[in-house]
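K.L.:
So that we are looking at the same thing, I have put the structure below in structure tokens.
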Amino acid sequence: MGWHGNPETSGVRSVTRAGEFARPAEEDRLARLGWTDERLMTAIVLRDEPAFAVLYDRYVDLVYSASLRVLADPQLAEDATQDIFVRLWRRPEAFIADRGRFLSWLMSVVRNRAVDELRARGRRRRREAMGPGETEEDFLAAIPCEQDDPLQAAQVHEEQILVRGALCALPADQRRALELAYFGGLTQQEIAFALHEPLGTVKTRIRLGMQKLRRALQDQR
Amino acid sequence: MAPAHITQEQADEFAIGALEPQVATLVALHADDCPECRAMVAASERVATSLALGAPRRVPSPGLRRRVFKSAGLTRPGLLGMAVRVATAGAGVAAVLVAVAAFTGMVSVRGEVRDLKTENAGLQSQIDDALSQKVEIAAITRRLSDEEQTSNELRLAARGDRDLLLALLSPESDVAEVFSVNDSGPAIGRLVWDEQQKKVWFVASHLLPRPAGETYQVWVSSGGRYFSLGTFNPDDSGFARYETIVPAGLKSYESAVVTIERAGGSPERTGPSVFVTDLSRLRR
């Protein structure tokens, strides 16, 4: 099974949670649950509130999780998530369907927004969130290769399990280089400095890591 | 002049944000103009997305949804409206009014905070727009520079055409037919020799393109020795118009020959001949 497509059960927040609010009309929202991301975005351009509600419910956990991974601060991660979705509602035309998949675009926005916040705060708050004796490198390299808890295991979508499997199959040094760049907001020069490794070594790790990830994801399709 | 294409390695580094900002900007600008590179970057971004998908799943606080919809302007007055309805129902009028007043105060403060956040988001949006415009202006400036260069090249080509036309009209010029040799195909050519402008043109069509590492080179023989007049390559249609100056110091010309040499030209004639012509009847 491929990792393309719209996450369903894991990304969709419970109907009861959506029921906290009287709007948008529940039947309208339910009617849009099966829509693709791109169709929802087209509807959002036309100011379709139920479409926005469906897209929010589908991706809020993912956006929040990625933001939290970068910022390591629940409040900051929520602020970033709020900002991202508000901007998505106000400027949906920023997504150009011809240029690529919605999910790639969204995660690129999330990563850039969170890294900008991180840089603005000089990583101070993330250091405060780490455990005693834990380095920033340890923190970022700590993607768990087993499920965190049974509840979460039930919620994680099958595609995400496959993706996590591909990530965990990477050699630790390659995964660390990718994560320091993607979640740590470090350039390859900064990674080389942080790891006390030559720039060429870091570039090689990134290249090999991306190659293996690409191959693993293709094999899963 | 087309810039170099993005490599797979650069696309991967760009997708995970590992490039230095200046390099990342160049990659983004190029991908914007080049569909092939844009597709490669998009594919790399799909792989990079897997990093985010692999992050441990966490759930935000239940109040986030309300805050998002409120900031987006999608929330209608809910709690306050409910309080008003309760008040109008007449249940516990005084207590409810006091509670509502206190709550309203809290909501007011929270509302101000949210308004400030919204305003901040608006300002951030404007900054983003300004940055986007800056990138667009840089792209337009670069295109204008490219077009100016193309315009200059066309102007030079037009001047060359005019000079060649004058040479063909001049009584001081000679036109020599050149003869193709061996497997040079249907190629035809003329050598135009203009003593007045002190210029020599070699014009040919239906020339075969040379593979990488090879070029055509023009030679003139004088006193049994060959002197290079330079190298040229045809355009995509097989047409070539090569222009150079009349070699100084030569008293007589016997023949001209076009050979195939290594790229950059050879100091001595070594490659096979493509064209030859007799120059002994030219005026000097």
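K.L.:
For A:Tyr56, only one of the following conditions fails: (1) part of a helix (DSSP H, G or I); (2) more than 9 Å from chain B (Cβ to nearest Cβ). What is its number?
P.N.:
(2)
K.L.:
Here are the criteria: (1) at the interface with chain A (Cβ under 10 Å from one of its Cβ atoms); (2) at pLDDT below 90; (3) outside any loop (DSSP other than H, G, I, E, B). Tell me which single one B:Arg57 does not satisfy.
P.N.:
(3)
K.L.:
Looking at B:Arg241, B:Arg262 in this structure, which one is in contact with a helix residue (DSSP H, G or I) (Cβ under 9 Å, 6 or more places away or on another chain) and either on the phi < 0 side of the Ramachandran plot or crowded, with 18+ Cβ neighbours inside 10 Å (or both)?
P.N.:
Result: B:Arg241 is the single residue among B:Arg241, B:Arg262 that is in contact with a helix residue (DSSP H, G or I) (Cβ under 9 Å, 6 or more places away or on another chain) and either on the phi < 0 side of the Ramachandran plot or crowded, with 18+ Cβ neighbours inside 10 Å (or both).
K.L.:
Which pairs have Cβ atoms under 6 Å, sit 6 or more apart or on different chains, and link a residue in segment B:118-138 that is facing chain A (nearest Cβ under 9 Å) to one that is surrounded by 11 or more Cβ atoms within 10 Å (Cβ to Cβ) and β-branched (Val, Ile, Thr)?
P.N.:
That search, which allows pairs on different chains as well, returns B:Ala121/A:Val86.
K.L.:
Tell me, which helices (runs of 4 or more DSSP H) lie completely within segment A:119-201 with 2 or more residues that are modelled with pLDDT of 60 or more?
P.N.:
A:158-168, A:172-182, A:188-195
K.L.:
The conditions are (1) within 7 Å of another protein chain (Cβ to nearest Cβ); (2) surrounded by 15 or more Cβ atoms within 10 Å (Cβ to Cβ); (3) free of Cβ contacts under 8 Å to residues at least 24 places away in the same chain, and B:Glu20 fails exactly one of them. Which is it?
P.N.:
For B:Glu20, the exception is condition (2).
K.L.:
Could you list, in sequence order, all residues of segment A:84-101 that are among the hydrophobic types (A, V, I, L, M, F, W, C) and modelled with pLDDT under 90?
P.N.:
A:Ala94, A:Phe95, A:Ile96, A:Ala97
K.L.:
Let me ask you something else. Looking at B:Arg225, B:Arg269, can you tell me which residue is modelled with pLDDT of 85 or more, of a type in the set (Lys, Arg), surrounded by 13 or more Cβ atoms within 10 Å (Cβ to Cβ) and assigned by TED's automatic domain parsing to the domain that holds B:Ile188?
P.N.:
Residue meeting the stated conditions: B:Arg269.
K.L.:
Let me ask you something else. Among the residues of segment A:63-109, what is the count of those that are in contact (Cβ under 8 Å) with a residue 12 or more places away in the chain, facing chain B (nearest Cβ under 7 Å) and among the aliphatic types (A, V, I, L, M)?
P.N.:
Matching residues across segment A:63-109 total 3.
K.L.:
Among the residues of segment A:98-112, write down those that are exposed (fewer than 15 other Cβ atoms within 10 Å of the Cβ) and touching a Phe, Trp or Tyr at 6+ places or on another chain (Cβ under 9 Å).
P.N.:
none
The values are calculated or read from the model by the stated rules, or taken from the named source; none is laboratory data. Small disclaimer: the values here were computed from a predicted structure and weren't measured. Backbone-built Cβ (ideal geometry, glycine too); neighbour counts: all protein chains shown.
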